[in-house]
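Let me begin by handing over the structure; questions about it come next.
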Amino acid sequence: IESLPNSISELKNLTTLLLRGCYQLRDLPCLSMLQELKKLDLCWTEIEEVPEGMDLLIKLRYLDLQVFTLKEIPAGLLLKLVHLQHLSFDVYNEKTSLKAEEMEPLKKLECFTGRFEDINEFNKFISSMQQSKENLIKYYLHVGSSFIPAERDKTVTIGGVQNWEGELIMHPIEIQELIIVKCDYLRSLVDDNCSFKNAIDLRIYDCKGIECVVPLSSFASSSAHPFQSLELLYLQLLPKLSALIMKDAGIGSATTSTLAPSTTFSHLKEIYVGSCSSMKTLLPHWLLPNLQNLEKIQVEGCSQLVEILGAETSEVEEKGSDALIKFHLPKLRELILFSLRNLKSICSKSGVMVCDSLQLIRIIRCDKLKRIPPFVPLVGNGQPFAYAPPSLTIRSDTEWWESLEWDDHPNFKNVIRFNPPWRIRGMNNVWSF
């Protein structure tokens with residue numbers, strides 16, 4: 001279908017017009033006579049202009065204009081469609097970027113997909129929603145140029161915004177997923193307004209300036225609990241990232257744990273870190289009490305990473321050189337380590353892991369890793385190097401396994417279950433780990 005007949009304009013009692021997926025549709029007749037129309041879906045058509053007379057469809061409740069070819073949103077169009085509950089634009093299409101004043105009259109809006117010109121317009125929109133005391137049930141709000149699909153009902157993507165330093169106004173809209181791409185001015189996320197306390201997913205990609213997810217200064221306020229609901233943390237291509245939580249100048253390790261609220265990251269289930277070339281220790285010992293719900297750790301291509309779980313020198317000195325530091329991660333099930341060329345240890349030399357739920361350690365191309373960390377059970381009298389989590393399997397290539405050093409505990413090798421990869425049938429030199 002490339003066009004609709006003019007007779008469509010005579011269907012004065014028509015309430016629904018669905019043209020979604022009419023990929024060749026380029027032309028629509030005047031719609032001004034369709035005064036009873038409540039639902040209009042033009043998603044994935046090829047129209048270049050909004051149909052004539054759309055501003056007169058004042059009973060519209062549902063309007064989908066996810067159309068990449070659309071050249072503009074006519075000035076004043078949305079001001080007249082005050083009963084809209086569902087509104088969608090194509091976030092790929094820069095020409096349909098919105099200004100906050102165009103959205104202000106839409107007090108009944110429940111589901112919205114759209115793109116804003118810049119952070120200022122985005123924040124103005126959020127402020128107008130706050131003033132009207134309305135909440136969106138489902139939204140995908142986009143600022144900037146880069147695009148990654150949303151996976152949650154309430155998602156914000158900020159892409160390629162070069163003058164943004166991390167501030168957001170997110171009340172009263174409770175964000176579930178925050179995606180940040182190519183924002184090179186960003187050094188960390190600022191959470192003065194507790195904007196992120198209900199976020200479930202946080203994904204940060206290809207931001208050249210980011211040094212940490214959140215600085216300790218964010219915890220200065222007693223009410224600040226950023227990322228207390230976060231379940232997934234995904235960090236990739238962040239060359240300056242050195243820590244999840246960055247210590248501020250003048251703050252020593254002795255006070256660090258008291259400044260990080262126990263609620264921050266307390267619901268975190270999965271961490272993925274990839275190609276973050278400045279990180280040397282993934283998780284410091286003082287942060288582990290916040291990570292008691294962590295189930296999966298996956299780390300790839302971090303060229304300077306030396307250890308996964310680390311204890312600071314002051315902690316070791318405080319406990320004494322012969323004391324064991326316990327790394328408690330009671331719900332951890334998977335640890336996946338891939339292409340970490342400088343990784344030397346999974347946990348500090350003076351540490352033992354308390355991870356009774358651990359089922360899989362998968363290690364691929366980590367040639368400097370020569371030791372499996374000792375484990376002790378959460379309860380009971382299991383001794384290091386004589387115990388392993390009951391369901392634990394280590395998967396790696398046989399050559400790496402045979403190169404491991406067991407020091408004075410050769411029997412530890414017999415405690416741990418090892419499975420080499422298996423060849424995929426019909427594919428030479430292709431192995432599954």
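If you stretched the chain out fully between residue 3 and residue 418, how much longer would it get, using 0.36 nm times the residue separation minus the C-alpha to C-alpha distance? Don't skip to the answer; put the middle values down first.
On the way: separation 415, 0.36 × 415 = 149.40 nm, distance 6.40 nm.
So the chain would gain 143.0 nm between residue 3 and residue 418.
What label, among [x] -0.28, -1.38, -1.57; [y] -0.41, -1.18, -1.24; [z] -0.36, -1.08, -1.18, belongs to log10 I(q)/I(0) by the Debye sum over Cα atoms at q = 0.06, 0.13, 0.14 Å⁻¹ computed from the structure on display?
Step by step, log10 I(q)/I(0) by the Debye sum over Cα atoms at q = 0.06, 0.13, 0.14 Å⁻¹ for this structure corresponds to label [z].
Sorting check: for 336-342, 67-73, which peptide has the highest mean count of neighbouring beta carbons within 10 Å, and how do the rest follow?
Details: 336-342: 17.9, 67-73: 16.0.
With the highest mean Cβ count within 10 Å placed first, the list reads 336-342, 67-73.
Report the extension gain between residue 407 and residue 69 in nm, rounded to one decimal, defined as 0.36 nm multiplied by the number of residues separating them, less their alpha carbon distance. Walk me through the intermediate numbers first.
On the way: separation 338, 0.36 × 338 = 121.68 nm, distance 6.60 nm.
Full-extension gain reported as 115.1 nm.
Can you find, among 419, 142, 176, the residue farthest towards the positive end of the dipole of the chain? Put +1 on the C-beta of Lys and Arg, -1 on that of Asp and Glu.
419
Trypsin sites (Lys or Arg not before Pro) within the stretch 1-39: which are DSSP loop residues with at most 13 other Cβ atoms inside 10 Å?
Values: sites: 12, 20, 26, 38, 39; in loops: 12, 20, 26, 38.
Answer in residue order: 12, 20.
For a protection proxy built on the mean count of beta-carbon atoms within 10 angstrom, sort 351-361, 410-420 highest first, please.
Peptide ranking by packing, descending: 351-361, 410-420.
Still on this structure, I have one more. Please list the non-local residues whose amide H lies under 5 Å from the amide H of residue 353, H modeled 1.01 Å from N, same-chain partners needing a gap of 5 or more.
It is 327, 375, 376, by chain and number.
Mind checking which of 198, 372, 409 is farthest towards the positive end of the chain's charge dipole, using Cβ charges of +1 (Lys, Arg) and -1 (Asp, Glu) about the Cα centre?
409
On full extension of the chain, what length is gained from residue 43 through residue 94, given 0.36 nm per residue of separation minus the C-alpha to C-alpha distance?
Details: separation 51, 0.36 × 51 = 18.36 nm, distance 1.62 nm.
Answer, rounded to one decimal: 16.7 nm.
Additional query: I'd like the orientation of helix 119-132 relative to the chain: the angle between its Cα long axis and the longest Cα principal axis, in ° from 0 to 90, rounded to 10.
70
On to the next question. State in Å² the accessible area per residue of the stretch 363-417; use a 1.4 Å probe, count heavy atoms of protein chains only, and round to the nearest integer. Walk me through the numbers before you get to the answer.
Values: 3130 Å² over 55 residues.
Counting only protein heavy atoms, the per-residue value for the stretch 363-417 is 57 Å².
Return the distance in nm (one decimal) between the two label points of a simple spin-label model at residue 12 and residue 59, each offset 7 Å from Cα along Cα→Cβ.
Modelled inter-label distance: 1.2 nm.
What part of the accessible area of the stretch 59-155, given as a whole %, is carbon or sulfur when the probe is 1.4 angstrom? Write out the running numbers ahead of the final one.
On the way: 2040 of 4450 Å².
Looking at the stretch 59-155 in its full context, I get 46 percent from C and S.
Excluding ligands, DNA and RNA, what is the solvent-accessible area per residue of the stretch 1-104 at a probe of 1.4 Å, expressed in Å²? If you can, show how the numbers build up before the last one.
Numbers: 5470 Å² over 104 residues.
Ligands and nucleic acids excluded, the figure is 53 Å² per residue.
The values are calculated or read from the model by the stated rules, or taken from the named source; none is laboratory data. These figures come from a predicted structure and were not determined experimentally. Because the Cβ atoms are built from the backbone with ideal geometry, glycine has one as well, and the counts that use them run over all protein chains shown. With ligands, DNA and RNA removed, areas are computed over all heavy atoms of the protein, side chains included. Shrake-Rupley method; radii C 1.70, N 1.55, O 1.52, S 1.80 Å.
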